[in-house]
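Note sheet for the following structure.
A short reminder: the numbers here are calculations on the coordinates, not readings from a lab. Since the structure is predicted, the reported quantities are computational estimates derived from the model, not experimental observations. All Cβ positions, glycine included, derive from the backbone under ideal geometry; neighbour counts span all protein chains shown.
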Ligand code: NAD
Ligand code: IPM
Ligand code: MN
C-alpha cells in the first residue's frame, strides 16, 4: 500500500489560502480513512517569479510527471502586469497543460439545492442543473501560430493570434466528451462557430464523424457559440455534456459558474492521454483565478478547490467513496446555512475561508461515524 504521490501547487492570491483548507481534508483522510499521501509542494506563477525569475521551473514539470496527480491553486498577480508575455504568471498553468498534454478540461457545473437562491438566475431555471463542459486545453487560439505583437512601418502595431485545430486534436477531446455522456444523460452538444471560422467547420465535421463511427448511441447536437451563451442563461438544463474549443470553453465555463451561485464553487479536472502503464497525467484546479481583489482577507470560498480535490480522488485515484463523502460534506455544510461572502444570501451565516474549511472537515467526521 504505497503512498499516493501528489504535487501541490498553491500559486498566487487566494490560491494558498484555499489550498490550506484542502490540506486539512487530506489530513483527515489520512487519519480517518487510512489513505497515505506523499505530498510535494512547490511554487508557481508570481510566487515562482519572485523566487526564481520564471513562472514555472522545468523541475516542477518533472515533478508533475512523477506525481500520481497535480493539485493546482491559481496563478496571476497584477504586480507582474509589466513583465514580458512569456514571463507572465499565467504561463505556469498554460505550460503545465501543454507539457503534460492535458487536452481535456472537465468543468462540471452542478447546482447544490441549498444554493438555488444564490444564483442570479431564477430558482426554477437552475434547480437540479448538472452540466459537464469539456473544454479542449492545449490547442486553439491559445497556442496557434503565427502569434505576437509586431510594429508596422508606420509605427502602429498589429497583435496576432491564430485559431488552429487538427483532426486528431478534435477527435481525442470529442471521444472524452462522448465517453462521459454515456455515464450521464447520453447527450453531447458540440459548440463552435462554423459559420465564420474554418477551424469551427472542421471541428463540427470531425465531431460528427467520430459520433457516426464510434458513438452513434449518444445523442449529438451542434450549436453556434454565441447562441450557446444565450441558451445557457435562457434554459441551462437543456445541456448535458458540452464539448468545445479552448477559448469558447473558457468563457462558457465562467458563465456556467454563475448558474451555480459563484465562480468560487466550480472545480475542474484536466486529463491527458492514457500511457502504456494505464496511468494518465492529470491536474485538478478550480476554474477561478487568484482573485487579487479579495486575496489576503481570509474570505475566499474554498469549495471549488476542495471539490477539485474530490475530482482528483475520483478520476486519478478511483477513490469514489471518499470523493462522494467530500461532496456530501460540502452539500451538508451548505444545507446548514454557512456561506462565504460570494454565496451569501439573506438569513444565512456568513463565514470566512477557514471556518468553511473546518465545517467541511467536521461534517466528514459525522459522515464517517
Ligand atoms: P478571478 O477568477 O480571479 O476573479 C473573478 C471574480 O470572482 C473576482 O471578483 C473574485 O474575487 C471572485 N472570485 C474568484 N474566486 C473566488 C473564490 N474562490 N471565492 C470568492 N470569490 C471568488 O478572475 P480575474 O479577476 O479575472 O483574474 C485574476 C487573476 O487570476 C488574473 O491574473 C488571471 O489571469 C488569473 N486567472 C488564473 C486562473 C488559473 O490559475 N487557472 C484562472 C482564471 C484567472
Ligand atoms: C482558466 C484561466 C486560464 C485560461 C488563464 C489563467 C491562462 O482563465 O483556467 O480558466 O484562460 O485557461
Ligand atoms: Mn478562465
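Numbers for the structure displayed
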read-out	value
For the chain, projected area of the alpha-carbon convex hull averaged over all directions, nm²	19.9
Rg(Cα)/(2.2 N^0.38 Å) for the stretch 111-207, N = residue count	1.52
Beta bridges per DSSP with both ends in the chain, % antiparallel, nearest 5	40
Ranking of 41, 99 by count of other Cβ atoms within 10 Å, fewest first	41, 99
Cα-Cα separations in the stretch 202-287 greater than 21 Å, expressed as whole percent	46
Inter-centroid distance (Cα atoms) of the stretch 260-331 relative to the stretch 9-28, Å	11
DSSP bridge orientation in the stretch 104-268 - percent antiparallel, rounded to nearest 5	45
Euclidean distance of C-alpha centroids, the stretch 33-105 and the stretch 184-233, integer Å	32
Exposure proxy order (Cβ contacts within 10 Å, fewest to most) of 306, 14	306, 14
Kirkwood hydrodynamic radius of the stretch 291-369, from inverse mean 1/r over distinct Cα pairs, in Å	13.2
Where only alpha carbons of the stretch 104-268 are counted, the Rg and the Dmax (Å)	17.2, 59
